[in-house]
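Here's the structure we're looking at; comments come further down.
The values are calculated or read from the model by the stated rules, or taken from the named source; none is laboratory data. Please read these numbers as outputs of a predicted model, since none were measured by experiment. Cβ coordinates were reconstructed from backbone atoms using ideal geometry, including for glycine residues, and neighbour counts include every protein chain displayed. Heads up: the accessible areas ignore ligands, DNA and RNA and are worked out on the full protein's heavy atoms, side chains in. Shrake-Rupley method; radii C 1.70, N 1.55, O 1.52, S 1.80 Å.
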Amino acid sequence: SELLGRSYLVAAYRSQEGQCAVTFLDVTERKRAEAALRESEARLRLTLEAMNIGLWDWNMQTDRWYSTPIYFQMLGYDPDAEGQNREVWGGRTHPDDRAFVVRRMEEVRDRGEAGFDIEFRFRHQDGSYRWINSIGRAVELDAGGRAVRMLGLQIDVTQRREAAEEIRRLNTELEERVRERTAQLEAKARELEQFSYTVSHDLKAPLRGIDGYSRLLLEDHAAGLDAEGRLFLENVRRAAGQMGQLIDDLLAYSRLERRRPTEARVDPGALAAALVAERHGEVEGRGAQVRVAVPFGTVAADPEGLAMALRNLLDNALKFTRGVADATIEIGGREDEASWCLWVKDNGLGFEPRYAEKIFEIFQRLHGGDEYTGSGVGLAIVRKALERMGGRAWAEGRPGEGATFYLELPKAKEPP
C-alpha cells in the first residue's frame, strides 16, 4: 500500500484469543530499485534492438544455452518456435566454418582463455548465409581453470563484409587498370622516344646538308656572288643553325619529361663553376665577369636536371648581357630551414615584371630572333627540371636593370 509517498508491505494476524495484529514493512527503496532495474532493462533492450545485437549465455556444465530474442530475429527465426536448443543452432553454422567455431569455443572451455572474437557464416531462415561476429568471454572457471560459463554477443556484419569484399574487388580492378594503363603509357613513351630520335635524324640531316652546301658556296664561289647573295646564304646558314638548335632543345625537353629523376648529393657551386669553365672562351672574349658564390655545400637534387637548369640560365644571362659594358653575372644562393635557393643574376636587358611567368612558357619569347637568337625552349626546360625535382623556378627583373632567376630545391622532411 502507499502512504505519504512511501510503500509498505502490510500483514495482518489474528491470534487464537481473537486479537488482531498488523505489521508494516517499509519497502520503498526496494520498490524504487525494482523500478530502476526495469527501466534499465528496458533501456538495454531498446539499445540492443537499435544496434541489432543479440546476447547469449552458455552454462557449460549443464549445457544450458540462453539467447535473447534479437539473437533469433536477426537471422529470421521465431524465438518462441525455435527454443533454446544450442545443438540446433550449432548445426546451422556454415559447414566450412563449423570446425573453426567449435575449436575456438573448446579452447576457451578447456584452457580457460579470456574469450574469442570470431566471424563466421550462419544460415538465415531464408536459406542464405549471413556473416556473424560473435564475441564471447569466460565469466566463471572451475577449480581446474576450465571455463564453466560464458557470456557473449552476436552481431550481423554481412553488410560490412560485403562492402569490404566490394572494396577489394574494386581495388583489384583498379590495380589491373593501372597496370594496363602503365603498360600503355610505357609503350607510348617508347614510341615517342623512337619518334624523337627519328625526327632528330630526319630533320637534322637535311639541315646539315643545307648548312654545308651554303658554307661551300660561300667558301668556293664567293667571287661569283654579290653582297646580297652572300647575305642570303648567311641568312640560310643562320636559319639552319636556329632550326638545329630548336630541334635539340625540343628533344632535351622531351627527354626531361620522360626520364625518371634520380636523387643524389650535388655540389651546386662546383657544378656552376664547371659550367662557367665550359664557356671560358665566350666569357673572356666579351670581357664579361662571372662570379660563383654559393654559400652552402651539397644539396639533394637530380644531377642532370640541375645541370640543365643552370646551363640554360647561364646561357640566357650571357645572351642578354651581350653589348652591355661591364657585363656581370652572379651565381649565388642561400639556405633556409626548408629549402636551398640558387640564383643567376645579370645586369643585362631585363624584362617587364608582368612577363615574369610568360617567359617560362615554351616558345614564348620577349625579343625578336634577329637581335637575340634562341628557340624559346630554354626557360621552359628550367622550370620543368625544377618541377620534376619537387622545386620551383621564378624570375624577377626590370627593363634595362637586368634579371634574376631563382631555383628553389626543397629539403627532404625528416620522418616523425
Solvent-accessible heavy-atom area per residue, rounded to whole Å², over region 115-245 at 1.4 Å: 68
Chain lengthening between Arg14 and Ala270 when straightened (0.36 nm per residue, less Cα-Cα): 80.3 nm
Partner lysines for Lys358 [C-alpha distance under 26 Å; skip if fewer than 8 residues away on the same chain]: Lys319, Lys345, Lys384
Difference of contour (0.36 nm per residue) and Cα-Cα distance, Ala222 to Tyr197: 5.4 nm
Under 5 Å, built H, 5+ apart or other chain: amide partners of His124: Tyr129, Arg130
Asp80 paired with Glu176, simple spin-label distance in nm, labels 7 Å along Cα-to-beta-carbon: 5.1
Calculated FRET value between Leu185 and Arg161, using beta carbons and R₀ = 35 Å, to 0.05: 0.50
Förster radius 41 Å - calculated FRET efficiency between Ala239 and Arg169 (Cβ-Cβ, nearest 0.05): 0.10
Percent carbon-and-sulfur accessible area, region 223-357, ignoring ligands, DNA and RNA, probe 1.4 Å: 52
Whole-Å distance, taken between Cα centres, linking region 130-192 and region 311-332: 63
Separation in nanometres of the label points that stand 7 Å from Cα toward Cβ, at Arg388 and Ser128: 5.4
Full-extension gain in nm, Asp63 to Asp117, via 0.36 nm per residue minus C-alpha separation: 17.4 nm
